[in-house]
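See below for the structure under consideration.
The values are calculated or read from the model by the stated rules, or taken from the named source; none is laboratory data. Please read all numbers here as calculations on a predicted model, not as lab measurements. Neighbour counts are summed over all protein chains in view; Cβ atoms, including those assigned to glycine, are modelled from backbone coordinates with ideal geometry. These area figures cover heavy atoms from the full protein model, side chains too; ligands, DNA and RNA do not enter into them. Shrake-Rupley method; radii C 1.70, N 1.55, O 1.52, S 1.80 Å.
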Amino acid sequence: MDNDFILVLDSGGPEAIEMARKLRNQRYYTEIMSLGADPALFERKSPRGILVVGENEKPFPRAALDLGVPVLALGGAARRMIEACGAVSEGVLLENQASQITFQPCPLFDQLSESDRYFTRVDGFALPDGFQSIATTLEGYSPAFADLGRRLYGLQFYAESNDPDGAVILSNFAEKICGCTPIWTIADFIEEETRFIQDRVGDGRALMAISGGVDSSACAMLMRRAIGDRLTCVFIDNGLLRAGEPELVYNTFDGELSLKLIRVDARERFMERLKGLTDPVEKRRAVYEEYMAILTEVGQAHPEAEFFVEGTIYSDLLVGGAADEVYARRFDPGKRLEPIRMLFKDEVRQLGELLGLPRTLTARQPFPGPGLAIRCMGEVTAEKLKLLRHADAIFREEIMLSGQDKRLTQYFAVLDDTRTPGRRDGQYTREYACVLRAVTEQGVSGYTVGKLPYDLLDRVAGRIIAEVPGIDRVAYDISPCDNTDIEWG
Ligand code: XMP
């Protein structure tokens, strides 16, 4: 798609991803880059326009102003842009306050005349030469300015979630100011990426590890569309999956979807590797290393497959994983294919649906790579895994029966390593305690604790204690997600 896209420069916080997704939802293609990246990269990328977003006090990338393409800076970035152009703040005029705003006629505000907005902060500025105010609040302040000649725009507010005016401003910027075309659709992506994969792989063969998660499943479907049965999927059963999951993955891929699938039963190898480990960080590392060792062996056993496919998605790249470095050392990057690396999670789901992935896979909960090893506190033993799987299955079943699964992003059981006193069949016991955790997505990248009905929790606790000898206590984890991780290990 040549350079028909907007480059979003991220100075930290969730806003950049939100804006990039908002534009993509309106079919304008976007890519995200850190504000601190080498400015030479901005030029090499050669976007049609640049959006700078984020509240962090990072210096504004002046290089972005000299590329000759339009720039829109939002929130704190707008203040730093005008400062980079020579203005000095005359102080804060509005702080955490709503006001009505009147837009002056200009391409950015096409179709808009006024709107109610919430301002986190508006500063006063004596505008440098070339800049003019392009909007006024009820109080007479100017929260938006532009150098129309250089096509530089600064808005001291955001295009917030569910804000139709914000969506209009973003699409005006993309289309009317930068000249972008709304061409980004997942259907077109499928066509383009299929051709790209076919060019790259030629008559070759590819191997791809699948976990049964949405990303690797959707990626496998795309690869299969491109190279048919020259794709072989590898499913490593590490013995750390939830009850029924290995069967679901195997039956769906090998049966329903007729993908060529190798199943590696590595349950004993992982148990052996995890023996004696109690620290979650060590357990995570052990699972990852064992997984990589097995993949390497599978690769060596299939020398005919010269390509290795990974289901990396955009958020994995934006977070930037250390895992990637380890991986790069083991596999020749020239042979790596990452066909969905530029897609956001919602786009990956859409891709999966368009390519016929069943809902049992597209609607699955996110599940950590190290699996139950990090939900089983202390040393991972076969006995503890059995208890955990059973309790987790009961919790999942009751959540599904109650319909709560529709509002929860993740819900699972954790087995604590503590033994607590109880009674079973008239005998005193000292069995394990189990913890339930349920969270729901809030905003772009936030989570909040699922407020489950008490009756439901009561039923789940009763069933776990009655049906799982070995667990005699059940707790519900209500720690807010801001400072407490979703996972226990
Ligand atoms: P935390 O516990 O960090 O989890 O709040 C955030 C989300 O990431 C998932 N998670 C993982 N996913 N590999 C994964 O693929 C991992 O190692 C991993 N650890 C946590 C977690 O389940 C939650 O959805």
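General remarks:
- When residues in segment 109-131 are screened for being of a type in the set (S, T, Y), surrounded by fewer than 17 Cβ atoms within 10 Å (Cβ to Cβ) and under 33 Å from the mean Cα position of the chain (by Cα), 2 of them pass.
- Verdict on F145 being more than 19 Å from L23 (Cβ to Cβ), open to solvent by 20 Å² or more (accessible area, probe 1.4 Å) and not aliphatic (A, V, I, L, M): no
- Residues that are of a type outside the set (G, A, S) and away from the ligand (no atom under 16 Å from the Cβ), drawn from segment 363-383: E379, T381, E383
- Segment 344-361: number of residues that are within 16 Å of the ligand (Cβ to nearest atom) and open to solvent by less than 60 Å² (accessible area, probe 1.4 Å): 4
- Segment 35-60 residues that are at pLDDT below 85, paired with ones that are part of a loop (DSSP other than H, G, I, E, B) and of a type in the set (D, E, K, R) (beta carbon under 8 Å, 6 or more apart): G36/K58
- Within segment 162-206, the set of residues being surrounded by fewer than 21 Cβ atoms within 10 Å (Cβ to Cβ) and part of a loop (DSSP other than H, G, I, E, B) comprises N162, D163, G179, T181, P182, I183, W184, T185, G202, D203, G204, R205.
- Yes/no for A209 being under 21 Å from V69 (Cβ atoms), of a type in the set (A, V, I, L, M, F, W, C) and crowded, with 18+ Cβ neighbours inside 10 Å: no
- Annotation: I399 fulfils all but one of (1) in contact (Cβ under 8 Å) with a residue 24 or more places away in the chain; (2) farther than 28 Å from N162 by Cβ; the unmet one is (2).
- Look at (1) within 15 Å of the ligand (Cβ to nearest atom); (2) closer than 16 Å to D392 by Cα; (3) open to solvent by less than 90 Å² (accessible area, probe 1.4 Å); (4) outside any strand (DSSP E or B) and you find that W488 fails only one, number (3).
- Segment 399-424, residues that are under 17 Å from G371 (Cβ atoms), of a type in the set (A, V, I, L, M, F, W, C) and within 15 Å of the ligand (Cβ to nearest atom): F412, A413, V414
- Some residue of segment 430-447 being open to solvent by 40 Å² or more (accessible area, probe 1.4 Å), within 28 Å of the chain's Cα centre (by Cα), away from the ligand (no atom under 16 Å from the Cβ) and not aliphatic (A, V, I, L, M): no
- Residues located in segment 260-294, provided they are farther than 30 Å from G204 by Cα and outside any helix (DSSP H, G or I): K275, G276, L277, T278, D279
- For the condition surrounded by fewer than 18 Cβ atoms within 10 Å (Cβ to Cβ) and either away from the ligand (no atom under 11 Å from the Cβ) or at pLDDT below 95 (or both), T312 does not qualify.
- Here R341 clears all of (1) within 16 Å of the ligand (Cβ to nearest atom); (2) open to solvent by 50 Å² or more (accessible area, probe 1.4 Å); (3) of a type in the set (D, E, K, R); (4) at pLDDT 95 or above except the condition numbered (4).
- When the residues of segment 448-461 are filtered to those that are in a helix (DSSP H, G or I) and in contact with a helix residue (DSSP H, G or I) (Cβ under 8 Å, 6 or more places away or on another chain), the one that is most open to solvent (accessible area, probe 1.4 Å) is R459.
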